[in-house]
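The values are calculated or read from the model by the stated rules, or taken from the named source; none is laboratory data. Note that the structure is predicted; figures quoted are calculated from it, not measured. Backbone-built Cβ (ideal geometry, glycine too); neighbour counts: all protein chains shown. Surface areas here come from the heavy atoms of the whole protein model, side chains and all, with no ligands, DNA or RNA. Shrake-Rupley method; radii C 1.70, N 1.55, O 1.52, S 1.80 Å.
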Amino acid sequence: MQYLPVFLDLKTGPVLLVGAGELALAKLRVLLAAGARVRWFSTGAAHDLAGLRDDNEQIEFANGDPLTAELTGVIAVLCAGAGDVGVAMSARAKSLGLPVNVMDDLDHSTFIFPAIVDRGDVVVAIGTGGTSPVVARRLREKIEAVLPARIGELASFIGAFRKTINSGIAEMPLRRRFWERIVDGPIGALVLAGRKAEAEAALHGIGDPTAYARADAGQGEGHVTLVGAGPGDPDLLTIKALRALQDADIVYYDELVTPEILDRIRRDAARVPVGRRIGKPGIGQEAVNKLLIEAAREGKRAVRLKGGDAYVFGRGGEEVDALRDAGVAYSIVPGITAGLGAAAQFEVPLTFRNKARRITFLTAHKTHDAEAVDWSALTDTEMTVVVYMGMTAAPTVRAGLLAAGRSPDTPVGVFAKVTRPDAQAAVGTLGQLPDLIRRIDGGPAILIIGDVVAHSAPWRQQNLSRVIAHILEPA
């Protein structure tokens, strides 16, 4: 370790900034965000704030020569875009024992600026000894992606109660265990979910903090998180979904969740398949509900991992009702539903100005599901109809729409295994729907019905292929 990471309290005195241009402004933004008072000597013609507030009371616009300026009380010197003045200023600062940083000049710096992840009360600094700022930035991006947005709020939450709680717990190890249970348990999850009032109520509900700290971790309060896994591409997992998978003790997953997504689960977490495919037996929804409740009552952090989104034909509402009735803490992480995944991958605009103003999502898991649909409500030509699990019932879907009056020439697309490497698409008209199904090599698949399909990439490619074939026809 070449440099010791140190956090300065910038409220104890002003920071001297020397320089001009975008480099100086970049440092100025960082300093202002940290609450510093900045005395700025511009080496340019003027103090150009380039959009920053010119009435900011944190900034003192200094004039004259920084090499002869009074430095009493200054806690650090920064030179950015200062040219030769920066080198001379470095020598002066060193002679006075002041920390100094000259941007991109290690020889004349006594400290360096790290890449910063700012979450309020939680700040992460990444340094490479000044050798590779790009590597530091890339690391910052990865940390930004996995660090909860409200982790600073969690630190602040703990800080507000720390003295009061610690005064009631005599032993230091028990104090540590108490806060570990708060951070890792349902109270911490509530704060991270933005439900601070509920978290405070739960914390106040702990009558004996010492007993709470002594409790066996396996017998504490558990938590269930319903996580939408998206349609298949693991890179479409939300950051919050990834965190839930990494924190889980046990994961109950559906049949349609891809192996690539299962690979994102913490390696020592238990994995339990609870899904089923058409025509194959499953354990049933009530049994799944029971498993989730039992896991939580055993003090486990359980994840219910569902393809797509839990609240779009995923029975998430039923599971939440069961968890709520059982008094189990839960949270919900949305996922990208298959209709949106297909729209993005195959360039199907589900809405289109002056052409498609409404969207209807429905499921036709089995033929009798499709027969129960009121197709007369779906004949509006400005409505896009997205049918989930519609391959088996496709003939009934076509018959219902045609009988209700929808044109057989309505564009239709069958999109299978969307966002996955083996995704497929077949496009044509409503009258051709059963034939389109036969062109698809297995599901899961969704149907998109409406004029918007004519704007899709497969439709354009199909028309281009027809034009080329026509041109190449022998005379």
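You will find that of ALA302, ALA370, ALA310, the residue that is at pLDDT below 90, open to solvent by less than 20 Å² (accessible area, probe 1.4 Å) and in contact with a helix residue (DSSP H, G or I) (Cβ under 8 Å, 6 or more places away or on another chain) is ALA370 and no other. Among the residues here, LEU147 qualifies as within 19 Å of the chain's Cα centre (by Cα) and buried (at least 16 other Cβ atoms within 10 Å of the Cβ). Evaluate region 230-237: report whether one residue or more is without any contact (Cβ under 8 Å) to a residue 60 or more places away in the chain and either among the β-branched types (Val, Ile, Thr) or under 30 Å from VAL272 (Cα atoms) (or both). Yes, the conditions are met somewhere in region 230-237. Residues considered: ALA393, ALA454. Of these, the only one that is modelled with pLDDT under 90, among the aliphatic types (A, V, I, L, M), farther than 26 Å from GLU260 by Cα and surrounded by 12 or more Cβ atoms within 10 Å (Cβ to Cβ) is ALA393.
Yes/no per residue for (1) within 24 Å of ASN354 (Cβ to Cβ); (2) over 34 Å from the mean Cα position of the chain (by Cα); (3) open to solvent by less than 20 Å² (accessible area, probe 1.4 Å):
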| site | (1), (2), (3) |
| --- | --- |
| ALA377 | yes, yes, no |
| THR381 | yes, yes, no |
| ARG398 | no, yes, no |
| LEU401 | yes, yes, yes |
| SER407 | yes, yes, no |
| GLY413 | yes, no, yes |
| THR419 | no, no, no |
| GLN424 | no, no, no |
| LEU447 | yes, no, yes |
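Identify the single condition in (1) open to solvent by less than 60 Å² (accessible area, probe 1.4 Å); (2) in a helix (DSSP H, G or I); (3) touching a Ser or Thr at 6+ places or on another chain (Cβ under 7 Å) that ASN101 does not satisfy, given that it satisfies every other one. The number of the failed condition is (2). When ALA202, ALA241, ALA248 are checked against the criterion of being without any contact (Cβ under 8 Å) to a residue 40 or more places away in the chain and among the small types (Gly, Ala, Ser), a single residue qualifies: ALA202.
All of VAL288, VAL251, VAL303 fail the test of being touching a Ser or Thr at 6+ places or on another chain (Cβ under 7 Å) and of a type in the set (Val, Ile, Thr), apart from VAL303. The residue of region 113-144 that is nearest to the chain's Cα centre (by Cα), among those that are outside any strand (DSSP E or B) and under 30 Å from PHE178 (Cβ atoms), is GLU144.
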